[in-house]
Amino acid sequence: MTDILSDTEARKHRDARSALFERAGGLRNVPLAVGLILPLSLALVWELAVAAGLSSGRLLPPPSVIIQTLGALWGQGDLSGHALTTLWRVLVGFGLGVAAGTIAGAITGYSRGIARVLDPTVQALRAIPSIAWVPLFILWFGIFELSKITLIATGVFFPVYLGTMDAIRSVDRKVVEVGLVHRLSSPAMIGRIMLPAILPAYVTALRSGLGLGWMFVVAAEFMGASRGLGYLLIDGQQLGKPAQIVAAIITFAVLGKLTDSILVAVTRPLLRWEDRFGQRADSRAAANRQEVA
Amino acid sequence: MLSIENLSKVYQNGTHAVGGLDLSVEPGAIVAIVGASGCGKSSLLRIIAGLELASSGVVKIDGIPLDGPHDRIGVVFQEPRLLPWLTVKQNVGFGLAHLPREERLYRAELALLLVGLSNKANAWPRELSGGQAQRVAIARALVSRPDVLLLDEPFSALDAFTRADLQRHLLEIWRGSESQPTMIVVTHDLDEAVALADRIIVMRPDPGRIIAELPVNLARPRHRAQPGFDAVRHRLVALLDRRSADAALRSA
């Protein structure tokens, strides 16, 4: 009898806890700072390990040294200068890659005939590792900006091309028929049916392209750059400054995340119609927050 | 007047979906097309809508041959096919892009009022129930005031209660519209055919052809308990039964 009662009470407690958890929106409502717990804990452990003399911290400096280095680089104006140079290269390369990838992807997505001619070659080129392009681009475009931006644009091109082509090919025939029934002209069909229909997949392709842009900028800045975060990496390696290398890596991570977040924020209003699991969960969480408030 | 003359459709895989079909539908009539799966009902509707090309034969409205989708024809598909990136009101006004904005919005609002969904004008399609979405699809098809409205199993995905409600609603809309369009309804649901149609066309496959036409002279609104409803339904069942249909064909 006691067991039954305690079971019932335990279940009540569990239900109450999960109700509270649900009302709070589950894990989705837990502050963003929770995501920082793991890296900050690791940093703290490393800091303590170095302070306790368990490691010299020579090859991987403790967080305090990295923060000092970041501060020093920022104070000298080096960090902002290098970061802006890299950001500029990524943005220009991204813009060119997106333009070329979108046009090529749209053409091959729309026309099976052109796809049969063009797509096998593009797919073969896609399989080439980024570093393999470096010597050729240096030969063709020299070691200055043109070769770097071309390399970044090459990296961005492929996911955007593939994403656009696939998105166009997978537009629901039934939706296209709605356009046909309403006798849309070809431009109207593209503008009123195809573009909105491919937008979610296209945004995903843009995000993949941007991510690759950030990867390719490192390879690009290894091509004899005298400015940029890639240069900071090489400089840190050659002069034996691991704190500078980690500082550059952290700056890469922050800028990469920042640009991706901006892209998501800019495109979100265009996709508010989407019927996604995540979106519904977010709406529920928002409703819960209002209810709790 | 919608007329179909000697219409045939053979698909690339050799399927003879429609074979030498003739049909005339007088303006404002409601015609239901019934028949077993694969008898060519939907192919016939898609050809009239201009979504498929006929292998031979012609579809005419008032003697003018159609060679593709036409603004005098509206279509309601089996699924609502609302465009998810447009609000309900924008979906309804989708086919009115040629009109000034004010008129487009006015007509869309009027059509929504007609289907009882004015309160959902600014909702996204994902926020609608199946029945509501199909009502919006009906409003979208009617808003451009077509002469012919084609409905391809429009209520088949809905539960029985919603289906009956929408059938009643469709007739109310049809009666309430300025110029009552000719309606051609493809359906598997015999009750639906009897409830809606002035005339029921029975089709049979291999190749798809009309084997019988059944006038329905019952007063509206119709319901199953109405005298004569079951008699029409039983005749339909008999016609759809292969052996009975064979006998009917032989005697024809």
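The values are calculated or read from the model by the stated rules, or taken from the named source; none is laboratory data. Predicted model only: the values in this text are computed from it and were never measured. Don't worry about glycine lacking a Cβ; one is built from the backbone with ideal geometry, like all the others, and counts go over all protein chains shown. Ligands, DNA and RNA are excluded from the accessible area calculation, which covers all protein heavy atoms including side chains. Shrake-Rupley method; radii C 1.70, N 1.55, O 1.52, S 1.80 Å.
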Neighbours by Cβ (under 7 Å, 6+ apart or cross-chain): first from segment A:176-187, within 7 Å of chain B (Cβ to nearest Cβ); second open to solvent by less than 50 Å² (accessible area, probe 1.4 Å) and of a type in the set (K, R) = A:V178/B:R81
request  = Among the numbered conditions (1) within 14 Å of the chain's Cα centre (by Cα); (2) basic (K, R); (3) surrounded by fewer than 17 Cβ atoms within 10 Å (Cβ to Cβ), tell me where B:K41 comes up short.
outcome  = (3)
key: Any chance B:F77 is touching a strand residue (DSSP E or B) at 6+ places or on another chain (Cβ under 8 Å), within 26 Å of A:P200 (Cα to Cα) and buried (at least 20 other Cβ atoms within 10 Å of the Cβ)   = yes
Options B:V34, B:V18: the member that is under 15 Å from the mean Cα position of the chain (by Cα), part of a strand (DSSP E or B) and not small (G, A, S) = B:V34
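Which one is farthest from A:H182 (Cα to Cα), of the residues in segment B:99-127 that are touching a Pro at 6+ places or on another chain (Cβ under 9 Å) and in a helix (DSSP H, G or I)?
Residue satisfying both the conditions and the ranking: B:R126.
Every residue, every condition in (1) closer than 24 Å to A:S261 by Cα; (2) open to solvent by less than 70 Å² (accessible area, probe 1.4 Å), yes or no:
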| position | (1), (2) |
| --- | --- |
| A:L36 | yes, no |
| A:E47 | no, yes |
| A:A51 | no, no |
| A:L60 | no, no |
| A:G93 | yes, yes |
| A:R112 | no, no |
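Mind listing just one residue for me: the one in segment B:108-129 that is open to solvent by less than 40 Å² (accessible area, probe 1.4 Å) and within 14 Å of chain A (Cβ to nearest Cβ) and, of those, nearest to B:H70 (Cα to Cα)? Give the steps one after another, and end with the answer.
Going residue by residue through segment B:108-129, those that are open to solvent by less than 40 Å² (accessible area, probe 1.4 Å) are B:108, B:111-112, B:115, B:117, B:121, B:123-125, B:128.
When the remaining residues are screened for being within 14 Å of chain A (Cβ to nearest Cβ), the result is B:108, B:123-125, B:128.
On the way: B:A108: 20, B:A123: 29, B:W124: 28, B:P125: 26, B:L128: 29 Å.
Looking at residues that are open to solvent by less than 40 Å² (accessible area, probe 1.4 Å) and within 14 Å of chain A (Cβ to nearest Cβ), I get B:A108.
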task = Could you give me the residue pairs with C-beta distances under 9 Å whose first residue belongs to segment B:156-183 and is farther than 15 Å from B:A195 by Cβ, whose second residue is of a type in the set (D, E) and outside any helix (DSSP H, G or I) wherever it lies, and which are 6+ apart or on separate chains?
result = B:A157/B:E79; B:S179/B:D147; B:P181/B:D147; B:T182/B:E26; B:T182/B:D147
inquiry  = Regarding segment A:189-205, can at least one residue be identified that is open to solvent by 30 Å² or more (accessible area, probe 1.4 Å), closer than 26 Å to A:A220 by Cβ, within 14 Å of chain B (Cβ to nearest Cβ) and assigned to a helix (DSSP H, G or I)?
reply    = yes
query = Of all residues in segment B:153-165, which are under 16 Å from the mean Cα position of the chain (by Cα) and either more than 18 Å from B:F94 (Cβ to Cβ) or open to solvent by 30 Å² or more (accessible area, probe 1.4 Å) (or both)?
reply = B:E153, B:F155, B:S156, B:A157, B:L158, B:R163, B:A164
Hits in segment B:184-200 (condition: part of a loop (DSSP other than H, G, I, E, B) and without any contact (Cβ under 8 Å) to a residue 40 or more places away in the chain) = B:D189
key: Selection from segment A:151-188 of residues that are within 26 Å of A:L125 (Cβ to Cβ) and not in a helix (DSSP H, G or I)   = A:S170, A:V171
request  = Please work out which one of (1) more than 10 Å from chain A (Cβ to nearest Cβ); (2) modelled with pLDDT under 95 is the condition B:V88 fails and give its number.
outcome  = (2)
